[in-house]
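What follows is a single structure, written as structure tokens, with notes after it.
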Amino acid sequence: MSPFYNMILQDLVPSPVFSLYFSDAKNELIFGGVDPNYYKGEFIFVNTLNKMTDRWQFLFKGIYVEDKELSKRGCLGIVDSGSDFLMGSKELIEAIMESIDPQRVTNKVHEGYIVSCSDIDKLKEVRFKTMENKILSMMPKEYV
């Protein structure tokens, strides 16, 4: 059982929500809610698959680059605030990389890709559709 889920069961937090804030100046982890000073706009909530695990897993209905759907069968997503990389099946990652700009993602290293930071403005947005039909967008500056 995750420590946060254990906190929820013991009524130690006012709400079953946690939030993360990252900046160059400071980082914060807030249990039981959010701080409105750290965001603009609306939140998108998705249902997790299993609240008892130590992973925040959820399902995506689809993955898109521009209007091209890359995953018709959907896929599993995991939010991991301790990682700075994206992972997926070999076929899906190759499809994403080829779709965002095949000329700029040719530097394959081990099981991953390297994209030059100078090419960020030439790459395409990647969108994930949740089971709740919400769209999560990643701009090139967020995935490079």
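The values are calculated or read from the model by the stated rules, or taken from the named source; none is laboratory data. The structure presented is a predicted model; accordingly, all values stated were derived computationally and were not measured. For neighbour counting, all protein chains shown are included, and Cβ atoms are generated from backbone atoms with ideal geometry for every residue, glycine included. With ligands, DNA and RNA removed, areas are computed over all heavy atoms of the protein, side chains included. Shrake-Rupley method; radii C 1.70, N 1.55, O 1.52, S 1.80 Å.
Observations
- The requirement of being within 25 Å of residue 123 (Cβ to Cβ) and either at pLDDT below 80 or in a loop (DSSP other than H, G, I, E, B) (or both) is fulfilled somewhere in the range 17-26, by at least one residue.
- Meets criteria (in contact (Cβ under 8 Å) with a residue 60 or more places away in the chain and among the basic types (Lys, Arg)) for residue 61: yes
- Which listed residue is at pLDDT below 85 and under 22 Å from residue 133 (Cα atoms), from 82, 74: 74
- Taking the range 47-91 as the range and being assigned to a strand (DSSP E or B) and small (Gly, Ala, Ser) as the test, the residues that pass are 62, 77.
- Subset of the range 27-45 that is more than 16 Å from residue 15 (Cβ to Cβ) and assigned to a loop (DSSP other than H, G, I, E, B) - its residue that is least open to solvent (accessible area, probe 1.4 Å): 41
- Residues within the range 58-98 that are under 30 Å from residue 8 (Cα atoms) and open to solvent by 40 Å² or more (accessible area, probe 1.4 Å), tallied: 13
- Selection within the range 99-118 - modelled with pLDDT of 80 or more and surrounded by fewer than 17 Cβ atoms within 10 Å (Cβ to Cβ): 117, 118
- Filtering the range 8-26 to residues that are open to solvent by less than 50 Å² (accessible area, probe 1.4 Å) and farther than 27 Å from residue 74 by Cα leaves 8, 13, 15, 23.
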